[in-house]
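Visitor: Can you read through this structure? Questions will come right after.
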Amino acid sequence: MTETLADLSSDVSIAWSSFAPEIAMTTAVVILLLLTIAGRRRMWVATPLGLGIAAVGVWLVAAGSSVGGLVALVGGLGLIAATFGLAGAPRALHAWIAGGGVAAALVLTVWIAFDVLAVGDGQMAATSTMAGSLAVDGVAVFTRVTVYLTTLMVIPLGHAYLGDHGIHRPEFEPLLLLSATGMALFGAANDLITIFVALEILSIALYVLAGIARRDRRSQEAATKYFVMGAVASALLLYGFALTYVVTGTLDLADIATQLSQLDIPLRLAAVSMVLVLVGIGFKVALVPLQLWTPDVYQGAPSNVTAFMGAATKAAAFAAMLRLLLVAYAPLSDMWVPVLAVMAALSMVYGAYTALRQTDVKRILAYSAIAHAGYATIGVVSLSNEGLTATLWYLLTYAITTIAGFGVIIAVERTHERLVTVHDLRGLGTTSPALAGMFAVALLSLAGIPPTIGFVGKLTVFTAGVEAGLTWLVVIGVVSSVVAAAYYLRLMVVMFVEKPGDDAVEPAYSPGWNIASVAAVVLVVYLGLQPQYLLDFAERAAGLVR
Amino acid sequence: MEFFTDNLVTVTLVLPILGALGIGLFTESEDGARWTALGASVLTLVASLWLVVDFDPDAGVQAVDSLSWIPSIGASLTVGVDGISLILIVMTAFLTPLIVLSSWEHPDRLRSYLMAFLALEAASIGVFAAQDLLLFYVFFEFSLVPMFLVIGMWGGANRRYAAVKFFLYTLVGGLTMLVGIIYIYNFIGGTSLAFADIGLLLTETPLSLLEQRWLFLAFFLAFAIKAPLFPVHTWLPDAHTEAPTAGSVFLAAVLLKMGGYGFIRFCLTWFPDASTELATGSGSGFFSVPWLMVLSVIGILYGAVVALVQPDIKKLVAYSSVSHMGFVVLGIFALNATATSAGVVQMVNHGLSTGALFLLVGFLYDRRHTRMIAEFGGLAKSTPVYAGMFLLVVMSSIALPGLNGFVGEFPILVGTFSVMPWAASLAAFGALLAAIYLLWAYQRMFTGPLDGAANEATTDMTQREIWVMVPLVVVIVAIGLYPQPLYDLVEPSVQQVLANVAQ
């Protein structure tokens, strides 16, 4: 309990604690795959696995690492209990194991934040491990919180939905967890190779997830489009990394910064490499002009995958962007700040205006995602700790809001074979007032109306922007907020003002959906009213290994 | 008990919220909802009157309650009242029970309807009581949501357009104000958002004139849209026409007042130089025109002229609101104690008179399902009580001496005349027009022969409707006869604000 990171590293030479959450995640992935292979004989696999994990837990506790040990002990015994308890319901069993894995990861993340990295008066240390390839700092921790929280909510949210649509294949949960692990690593990766590997882990799993509805042509289209464009973006990113290596001769982010601040570097080549990297990352966060894939993929992918994609991928990609730009390419900030600021402005305006004319609800949210990437970028170009906090916090607010919003779409889509259009929501306020109310809360949060979490998010990025002298960008953000409010309002109007049609949708609910969705909506309002604790956490997390 | 009396402002603010939650969570029947709403709003009124009893006009902001909220950005849950806040809070608390009573038999989704109004009451009291900029902003923006729903869910045929227009217009203003808030927050060092601290820090390190102009504009836009001031008033007639009766009453009586309140609380207090420049035209070039006066006067005359030709009585009242709020803004920016205090008092008067007018129009609409003046005629014979009430409220609205409108409008004109005679003269012409359009409408609707079966069959006010109107009429007359207590409450606070401007 009391060991610090330094003690751990001197003992075992690898600071296992620094990526303990990912160990829990990958363990869960392996267990899920083994259970799938085992089929009906899953007890015979689960029992030894569970006992083994519990034994590791006991050993860890004995070795002094009580939090990690207890997590492993509970996890191992829980695995056995779940396998026996849910013997007749393999689908539910998979969801529970996946959820357990993510919950364990979340607990371990909190442990890292408050115990391992604590250096007094609430600050977090910023170190790195594995010869500098993994950062152990606030940004890494906060990204994990966002990603794992999102994953934890997505699993119950979409469980019944997957079943209804006949796409609950056994590989769904392992892929989801793998992707989340990739995202967590993406946020923590501290050298170019690790960044790239993490990106591929998260992307490849996501490509498959987007196309998991095999008989749905839109899903196939989404997966193909995402894959082709994503592959190009990855290639450009890799090319950028290669050129950066040519210029600086190192893969370590901090060393790159040192090299780039030398006077005798080939500046043009460095600039080209940086632009390529910007393109690769900009694609993942969907900034204009790299946003073209977003609407089609968001629309075509199964809604729970879209929710995960929108909420978690964005957080992870922004974390990598923060790390790359604020650490490695910091010496070139004169070059990338204007470019990125313009991209942010374009994203906000484009996302707001284009969504006005859409009729498909998921497409509307996709364009809104583009606009929101723009808002989050304001924090990045602010080049300050306030900006860093603002971006991290904004991504968390956006993730929770996205889950709340997509939760409603999932409920509507369950009995609805077609895509959900604005038309389908007519009169939802009369037929299902609670559901319409939840969607309204999510929409108000997206629009940034108090007292929701979205307002606090906008407030922090705008404040950081003004502080950094980017008032023009903030003004553009404000103008586009108004335009964006128009289409969020349009959805509210459709729900509350118009009368229900004859073909009114009949939303379906499930216990898992209830818990996850209500939790998301409650968080949207509660954190909107009382953001202090998490905002404070984001503030303390605003540290990067440099 | 001590807890309640020590935190009166918080209690006033929380009671309507509890009422709304109570209706949502615990009432099954519509009757339960009615009595809960009435109980909560009456208790709120009691709490607000208690505040008046304990109030010391010369003590500035008082009854301050403060709770920690977001310390990392310096925001706190601080509420308190000065004279200006107080009378607006009391007005809000006074009108809400009447609104609840007037909606007693509202046919459509009554529980949600009442919850929306209690939420609106809480948001409005929050706006007037907030002593922290972020808290103010939260309430200011939040008030949009229930009003949007009231117009959108219970409005007339064109409600969709009206609701969205209302929301977007006000949001534009709100967001420009947010930029202004963030700028000020950074300017003073990002430590605190409490009004008191900001005021103090701004006197220590004053804003440059250029900054004041921009910030004034950012805040002004929000409140000009809300007030509404010409030329950003266009949402108001639509919203009023489409909103259900109670919605119109609340909109006209309370929500518009946030505009006037904001002018005093922020524009005058924090950007005195820019205010003076724009109100007196003391600058050069663009700033040599007293824009605020010009816009107010245009608003007064424009609203009156448009009201004159309205065939729809509710639209007529809506445009008369534009005209009357022009008087309020004129008074506020005349920047002398007489006119500015009268501007504040006139806000209350307008709330009472126009609120009453909208209620009466609503009662008639419930019976006839039309608002076209031409379809009425000779109603004084079939509905004498109603006609009498209507006449009294009309008289109050056209500022007949002895009624409340006069004691606000007259000092505004006097105070404005002393600094800008032309503005006062033109505004007086607007007052004359008000008499014409309201009395003409009264004449067409109520006097003359009782023509048509519909007019003959129109029934007079019910017991409940009379009891909704009686308190309003009593207060209208009482303020008209003895306005001094109101001025006593308001004037010290206004003088405090103006002392800042005069420096």
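Nothing in this text is a laboratory measurement; each read-out follows from the coordinates by a stated rule. Predicted model, so just to flag it, every value in this text is computed and none were measured. Using ideal geometry, Cβ is built from the backbone for each residue, glycine included, and neighbour counts are taken over all protein chains shown.
Visitor: How would you order A:180-192, A:213-225 from highest to lowest mean count of nearby Cβ atoms within 10 Å?
Guide: Highest to lowest by the protection proxy: A:180-192, A:213-225.
Visitor: Given the C-alpha centroids of the range A:60-95 and the range A:201-246, what is the distance between them in whole angstrom?
Guide: Value for the Cα centre distance between the two parts: 33 Å.
Visitor: How many nm is it between the label spots at residue A:357 and residue B:365, if each spot is 7 Å from the Cα in line with the beta carbon?
Guide: Those two pseudo-labels are separated by 3.6 nm.
Visitor: Which listed residue (B:299, B:494, B:338) has the Cα farthest towards the positive end of the charge dipole for the range B:290-503, taking +1 on Lys and Arg C-beta and -1 on Asp and Glu C-beta about the Cα centre?
Guide: Going by the Cα projections, it comes out as B:299.
Visitor: What is the magnitude of the charge dipole of the protein assembly as shown about its Cα centre, with +1 placed on the Cβ of each Lys and Arg, -1 on the Cβ of each Asp and Glu, and no other charges, expressed in debye to the nearest 20?
Guide: It comes to approximately 2680 debye.
Visitor: Next question. Under 5 Å between amide H atoms, partner at least 5 residues away or on a different chain: which partners does residue A:128 have, H built in plane at 1.01 Å?
Guide: Answer set, sorted by chain and number: A:136.
Visitor: While we're on this one: Residue A:48: net charge of surrounding residues, Cβ under 15 Å, Lys/Arg +1, Asp/Glu -1, itself excluded?
Guide: Here the count lands on +2.
Visitor: Still on this structure: Rounded to the nearest 20 Debye, what is the dipole magnitude of chain B about its Cα centre when Lys and Arg each give +1 and Asp and Glu each give -1 at the C-beta?
Guide: 1320
Visitor: While we're looking at this one, here's another question. For a protection proxy built on the mean count of beta-carbon atoms within 10 angstrom, sort B:314-322, B:451-459, A:470-478, B:120-128 highest first, please.
Guide: Taking the mean over residues of other Cβ atoms within 10 Å, the ranking is B:120-128, B:314-322, A:470-478, B:451-459.
Visitor: Can I ask one more? With each label point set 7 Å from Cα along the Cα-Cβ vector, what nm distance links residue A:63 and residue A:37?
Guide: 2.5
Visitor: Hey, got the average number of other protein chain Cβ atoms within 10 angstrom for residues in A:439-446?
Guide: Across the residues of A:439-446, the mean count of other-chain Cβ atoms within 10 Å is 1.
Visitor: Rounded to the nearest 0.05, what FRET efficiency do residue A:70 and residue A:115 have when you use their Cβ-Cβ distance and R0 = 22 Å?
Guide: Efficiency, from the Cβ-Cβ distance: 0.95.
Visitor: Let me ask you something else. Could you calculate the FRET efficiency of residue B:470 with residue B:422 from 1/(1 + (r/R0)^6), where r is the beta carbon distance between them and R0 is 45 Å, rounded to 0.05?
Guide: 0.60
Visitor: Principal axis extents for the protein assembly as shown, Cα atoms only, whole Å, descending order, please.
Guide: In descending order, the Cα extents are 94, 65, 55 Å.
Visitor: Using only Cα atoms, what Kirkwood radius does chain A have, in angstroms?
Guide: About 23.4 Å for chain A.
Visitor: Same structure, new question: Please report how many Lys pairs in the protein assembly as shown have alpha carbons closer than 25 angstrom, counting only residues at least 8 apart along the chain or sitting on separate chains.
Guide: For the protein assembly as shown, qualifying lysine pairs total 25.
Visitor: Now for a separate question. How far is it, in nm, from the label point at residue B:49 to the one at residue A:509 when both lie 7 Å from their Cα along the line to the Cβ?
Guide: Going from the residue B:49 label point to the residue A:509 one covers 4.2 nm.
Visitor: Grab the DSSP H runs of chain B that are 4 residues or longer, score each as -39,500 (n - 2.57), total them, divide by all residues and round the 222 nm result to the nearest 500 deg cm²/dmol.
Guide: It comes out at -24000 deg cm²/dmol, rounded to the nearest 500.
Visitor: Averaged across the residues of A:75-85, what count of C-beta atoms belonging to other chains lies within 10 Å of each residue's C-beta?
Guide: Shielding by partners across A:75-85 averages 0.
Visitor: Kindly rank B:59-66, A:200-207 from highest to lowest mean number of other beta carbons found within 10 Å of each residue.
Guide: A:200-207, B:59-66
Visitor: Going by amide H atoms built from the backbone, whose H comes under 5 Å of the H on residue B:78, apart from near neighbours?
Guide: Residues meeting the criterion, in which the H sits 1.01 Å from N, are B:67, B:131, B:132.
Visitor: Set Lys and Arg Cβ to +1 and Asp and Glu Cβ to -1, take the dipole of the range B:1-144 about its Cα centre, and tell me which of B:140, B:76, B:51 lies farthest positive.
Guide: Farthest towards the positive pole: B:140.
Visitor: How much mean residue ellipticity at 222 nm does chain A get from its helices, if each DSSP H run of length 4 or more adds -39500 (n - 2.57) and you divide by all residues, to the nearest 500 deg cm²/dmol?
Guide: My calculation for chain A gives -24500 deg cm²/dmol from helical runs alone.
Visitor: Given the C-alpha centroids of the range B:318-359 and the range B:404-447, what is the distance between them in whole angstrom?
Guide: 11
Visitor: Next up: Can you pull the percent of Cα pairs in the range B:290-503 with separation above 21 Å?
Guide: Looking at the range B:290-503, the distances longer than 21 Å represent 53 percent of pairs.
Visitor: Put +1 on the Cβ of every Lys and Arg and -1 on every Asp and Glu Cβ in the range B:290-503; which of B:317, B:427, B:474 then has its Cα farthest towards the positive end of the dipole?
Guide: Looking along the dipole axis, the top candidate is B:317.
Visitor: Next up: Could you go through the range B:34-49 in sequence order and give the Karplus-derived ³J(HN,Hα) for each residue, using 6.51 cos²θ - 1.76 cosθ + 1.60 with θ = phi - 60°, rounded to whole Hz, and x for Gly and Pro?
Guide: 4, 5, 4, 4, 5, x, 4, 6, 5, 4, 4, 4, 4, 4, 5, 5
Visitor: What's the center-to-center distance, using Cα atoms, between the range A:441-505 and the range A:292-306 in Å?
Guide: Here the two parts' Cα centres lie 21 Å apart.
Visitor: Next up: I'd like the mean, over residues of B:173-183, of how many other protein chain beta carbons sit within 10 Å of each residue's own Cβ.
Guide: Mean shielding count: 6.
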